[in-house]
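Visitor: Here it is, the structure, as structure tokens.
The values are calculated or read from the model by the stated rules, or taken from the named source; none is laboratory data. Predicted model only: the values in this text are computed from it and were never measured. Please note: Cβ atoms are built from the backbone with ideal geometry, for glycine as well, and neighbour counts cover all protein chains shown. Each accessible area value is taken on the protein alone, full model and side chains, heavy atoms only, with ligands, DNA and RNA left out. Shrake-Rupley method; radii C 1.70, N 1.55, O 1.52, S 1.80 Å.
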Amino acid sequence: MLQTATKMASSASSSTMMMNGSNTFRQRPHRANVRNCGAKTQRRSVIKAMAGSIESPDEEYDCVVIGSGIGGLSCGSLLARYGNSVKVFESHYLAGGCCHMFDHKTPEGDLYKFEVGPSIWEGLDRPTGNPLRMVFDALGEEMPVKTYDGISLWTEEGHWRFQTGDDEAPGGFCDLLREQSDNPELAIKEWKALKGRLEPLYDALDACPLTALRQDAGLLVSTIIAVPFYLTHPMVMLDIPYILDSFHKLSEQYVTDKFLKRWIDMLAFFSGFPAEGTMGATMIYSIPGFHRPGASLCAPEGGTQAVVDKLTYCLEKFGGELQLKSHVEEIIVQDGEAKGVRLKNGKVIKARNAVVSNATIWDTVPMLPDAEVLKAQQLDRSVEWKEEMSEIPELGSIMHLFLGIDATGLPDLDPSHICIRDWNRPLGDPQNVVTIFIPTVLDPEVAPEGKHIVHVYTAGSEPYDIWKEKQRGTKDYEDFKRERAEILWETMERIIPDIRERVEVEIYASPQTHQRFLRRHKGTYGPALQAGGNLFDVLPLPNIPQPGVLTPIPKLLRCGDSVFPGVGVPAVAASGAIAASTLAPLPAHLKMMWDVSQTQNNFWQKNGGRDKWLRETEKPFHPSEGGGAEHMDPSEYYKAAANKMKVTGNMKPSGLENESSSAVSI
């Protein structure tokens, strides 16, 4: 759930886009390596019998968006900015998809605001190539954030800290290599050589951001902004295939040091794969971006919900609408194109120009008509496409532990922590990687005074299959949740040894919770589509692993983490922007790109340039004592008062309820 910093140079992908047409970025799954997403749904017959028709709809808009995740809200807001009437339909009672927050009030009246989604953000505090920042620039808004300068890593070797920014600064990456590498001089030499190779590619990505992309012939015009860079840097053209290929094909040309290879794999892993399998663009952006002077990580003020609220505000500012608790049951396809949607309550909503699904591909396919209906409309290709998309393999799910703790006596903590339990196991093995985010280090307003919120979770590797037979609400289910969460507790005890004494609120969420609340197939982290294949399986050029925003059904588009450019907040924001721009007239898209460039230029002019802004901006948070509390003396450990209340929360379909709130001996 890392905010994967993914960008793509469109000049490298435009030829592939044009050749593949409506199936841009399509990868035919290898059937031996994928899992079928299930039998065809039969749930719509009763509703269809009682519902209205598309000829006499209950409501009508230019565009309908299914799902209010970051991708859907980015798409809907930009479509509204382009002048469309837009309505976004969301099943949940909260907007945001994987990025929403939920409130929990204790019996004493204390309010905790728990983060559900991404824990590591970057590039929102200034104009950058981060697609989410560029979406906000296009919408005329800024996202206030708090910044910090590093992540605590917990491995078999102990606790160490990655610091963003200048590698040569005290505590910077070169110091880390001197501490951790078996051969520091070699590691530093290899690191600098790799960075030197990546810098021109980073600039190539910057020359043509993801928001310049569209999936039609207009791409040849919208990406022309990159031409001056390539004319002045012709040699970078030879490296363009590395942007689309598996990153290990480039990194292994330089890196042999064991620690450095592990670090690169860990940084790549939040795309779902280590360096082998991660698209080069992700790492080409991340490595130079995180290691430049002044680089920092950030967290939205008010939590991730603030990002959702800002996008919702933008949607409404441009005349769009968001409707919660409104599940889309069916995408209506008639006369050979998508015409609208039918809600679970039977209402029919007509879309004059397009339907855009922000649902996962496995949740979108069951909304479509049966094969016979599609074939009757000469949409034979869409039948084959449905089968291919259904067979895309999925990554694992997530096991969550949400804690509200007393922070009395704790030293400065890092907001973000990552624990790798065993380097000798694949990072994607169940329970091998644990991620921790403590937002109250940066933003104490989201918890009662003197308290910390802690979100602990497995990084998209929790198997769904071990949960599918468990019955929610049973003792067996509740016991299994605690059993699977024990590794989360053990990880937290490395960071805060007396964590169990400090706990005042504990809430568990399983893959079933993820599936139910987010309506995500198997509660998945996203599609398991690896980079590294050949174009059309035969040409000596890299294939783009993700499908594109267009589908074989006219007027049906998709956005979100199961389309290009993939998993992560910047990636899904980019997918929403690409879908919206594909639907927009080319002149309107070019005008939007011009407005973004002017907004970014005005920011730097207003602040006296980059150097002056870096000098005068408040420095990122840096913990004074290493980022963890592992060195606390046992005599300093927290002792809970006798009969102190501890609340164990349970996620219910209508929201969070107290499973128990009794006096316990903590």
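Visitor: For the range 279-294, does any single residue satisfy the condition of being more than 25 Å from D203 (Cβ to Cβ) and not hydroxyl-bearing (S, T, Y)? Even if it seems obvious, please write down each step before you answer.
Guide: Taking the range 279-294 as the starting set, the residues that turn out to be more than 25 Å from D203 (Cβ to Cβ) are none.
Checking the range 279-294: not a single residue is more than 25 Å from D203 (Cβ to Cβ) and not hydroxyl-bearing (S, T, Y).
Visitor: Still on this model: Applying the selection to the range 242-253, what residues are of a type in the set (S, T, N, Q) and open to solvent by 50 Å² or more (accessible area, probe 1.4 Å)?
Guide: Q253
Visitor: Please pick out the residue among E445, E391 that is among the charged types (D, E, K, R) and open to solvent by 50 Å² or more (accessible area, probe 1.4 Å). Reasoning before the result, please.
Guide: On the way: E391 fails: open to solvent by 50 Å² or more (accessible area, probe 1.4 Å).
Going through E445, E391 in turn, the sole match is E445.
Visitor: Listed residues L186, L219, L205; which is open to solvent by 40 Å² or more (accessible area, probe 1.4 Å) and either within 21 Å of Q253 (Cβ to Cβ) or hydrophobic (A, V, I, L, M, F, W, C) (or both)?
Guide: None of the other options fit; the residue is L186.
Visitor: Pick out the one residue from T147, T128, T155 that is hydroxyl-bearing (S, T, Y), under 29 Å from the mean Cα position of the chain (by Cα) and closer than 23 Å to R81 by Cβ.
Guide: So the residue among T147, T128, T155 that is hydroxyl-bearing (S, T, Y), under 29 Å from the mean Cα position of the chain (by Cα) and closer than 23 Å to R81 by Cβ is T128.
Visitor: Oh, and also: Being out of contact with any Asp or Glu (no Cβ under 6 Å at 6 or more places or on another chain), aliphatic (A, V, I, L, M) and part of a helix (DSSP H, G or I) is the filter here, so list the residues in the range 352-379 that pass it.
Guide: I361, V365, A371, V373, L374, A376
Visitor: Something else about it: Quick check, is V333 of a type in the set (A, V, I, L, M, F, W, C), part of a strand (DSSP E or B) and open to solvent by 10 Å² or more (accessible area, probe 1.4 Å)?
Guide: Judged against the criteria, V333 is a match.
Visitor: Turning to a different aspect of this structure: Answer yes or no: is there a residue in the range 178-191 that is assigned to a strand (DSSP E or B), touching an Asp or Glu at 6+ places or on another chain (Cβ under 8 Å) and aliphatic (A, V, I, L, M).
Guide: Taking the range 178-191 as the starting set, the residues that turn out to be assigned to a strand (DSSP E or B) are none.
Among the residues of the range 178-191, not one is assigned to a strand (DSSP E or B), touching an Asp or Glu at 6+ places or on another chain (Cβ under 8 Å) and aliphatic (A, V, I, L, M), which makes the answer no.
Visitor: Sort through E316, E387 and tell me the only one that's without any contact (Cβ under 8 Å) to a residue 40 or more places away in the chain, within 26 Å of the chain's Cα centre (by Cα) and closer than 22 Å to S85 by Cβ.
Guide: That would be E316, the only listed residue that is without any contact (Cβ under 8 Å) to a residue 40 or more places away in the chain, within 26 Å of the chain's Cα centre (by Cα) and closer than 22 Å to S85 by Cβ.
Visitor: Criterion first (out of contact with any strand residue (DSSP E or B) (no Cβ under 7 Å at 6 or more places or on another chain), within 23 Å of Y457 (Cβ to Cβ) and of a type in the set (D, E)) does E156 satisfy it?
Guide: For E156, the condition - out of contact with any strand residue (DSSP E or B) (no Cβ under 7 Å at 6 or more places or on another chain), within 23 Å of Y457 (Cβ to Cβ) and of a type in the set (D, E) - is met.
Visitor: Acidic (D, E), surrounded by fewer than 19 Cβ atoms within 10 Å (Cβ to Cβ) and more than 26 Å from P300 (Cα to Cα): is that true of D429 in this structure?
Guide: yes
Visitor: Moving on. In the list D257, D239, which residue meets the criterion of being in contact with an Asp or Glu (Cβ under 7 Å, 6 or more places away or on another chain), open to solvent by 10 Å² or more (accessible area, probe 1.4 Å) and either modelled with pLDDT of 90 or more or farther than 30 Å from W613 by Cα (or both)?
Guide: Only one candidate qualifies: D257.
Visitor: Collect the residues in the range 615-639 that are closer than 16 Å to G409 by Cβ and among the acidic types (D, E), keeping them in residue-number order.
Guide: Result: E625, E630, D633, E636.
Visitor: Also, quick follow-up: Looking at A95, is it of a type in the set (A, V, I, L, M), under 21 Å from V65 (Cα atoms) and over 20 Å from the mean Cα position of the chain (by Cα)? Spell out how you get there, then give the answer.
Guide: Numbers: of a type in the set (A, V, I, L, M): yes; under 21 Å from V65 (Cα atoms): yes; over 20 Å from the mean Cα position of the chain (by Cα): no.
Judged against the criteria, A95 is not a match.
Visitor: Filter the range 345-382 down to residues that are crowded, with 18+ Cβ neighbours inside 10 Å and over 30 Å from S85 (Cβ atoms), then give me how many there are. Show your work before the answer.
Guide: Going residue by residue through the range 345-382, those that are crowded, with 18+ Cβ neighbours inside 10 Å are 348-351, 354-369, 374, 379, 382.
Still in the running and over 30 Å from S85 (Cβ atoms): none.
Residues flagged as crowded, with 18+ Cβ neighbours inside 10 Å and over 30 Å from S85 (Cβ atoms) within the range 345-382 amount to 0.
Visitor: Taking the range 561-579 as the region of interest, how many residues are assigned to a loop (DSSP other than H, G, I, E, B) and either under 9 Å from the mean Cα position of the chain (by Cα) or hydrophobic (A, V, I, L, M, F, W, C) (or both)?
Guide: Selection size over the range 561-579: 6.
Residues are listed down the side, and each one gets a yes or a no for (1) modelled with pLDDT of 90 or more; (2) open to solvent by 40 Å² or more (accessible area, probe 1.4 Å); (3) closer than 27 Å to A338 by Cα; (4) in contact with a Leu (Cβ under 9 Å, 6 or more places away or on another chain):
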site	(1), (2), (3), (4)
E506	yes, no, no, yes
Q512	yes, no, no, no
I544	no, no, yes, yes
D561	yes, no, yes, no
G566	no, no, yes, yes
F603	yes, no, no, no
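Visitor: Looking at (1) open to solvent by 20 Å² or more (accessible area, probe 1.4 Å); (2) closer than 17 Å to D414 by Cα, which is the one condition that is false for I496?
Guide: (1)
Visitor: Let me ask you something else. Which of the numbered conditions does T232 fail, given that it passes all the others? Conditions: (1) buried (at least 21 other Cβ atoms within 10 Å of the Cβ); (2) without any contact (Cβ under 8 Å) to a residue 24 or more places away in the chain.
Guide: Here T232 clears every test but (1).
Visitor: Same structure, new question: Looking at this structure, is T435 hydroxyl-bearing (S, T, Y), open to solvent by 40 Å² or more (accessible area, probe 1.4 Å) and either over 30 Å from E618 (Cα atoms) or touching a residue at least 40 places away in the same chain (Cβ under 8 Å) (or both)?
Guide: No; evaluated as a whole, the condition is false for this residue.
Visitor: Free of Cβ contacts under 8 Å to residues at least 40 places away in the same chain and open to solvent by 10 Å² or more (accessible area, probe 1.4 Å), is that true of A407?
Guide: Considered against the rule, which asks whether it is free of Cβ contacts under 8 Å to residues at least 40 places away in the same chain and open to solvent by 10 Å² or more (accessible area, probe 1.4 Å), A407 comes out as no.
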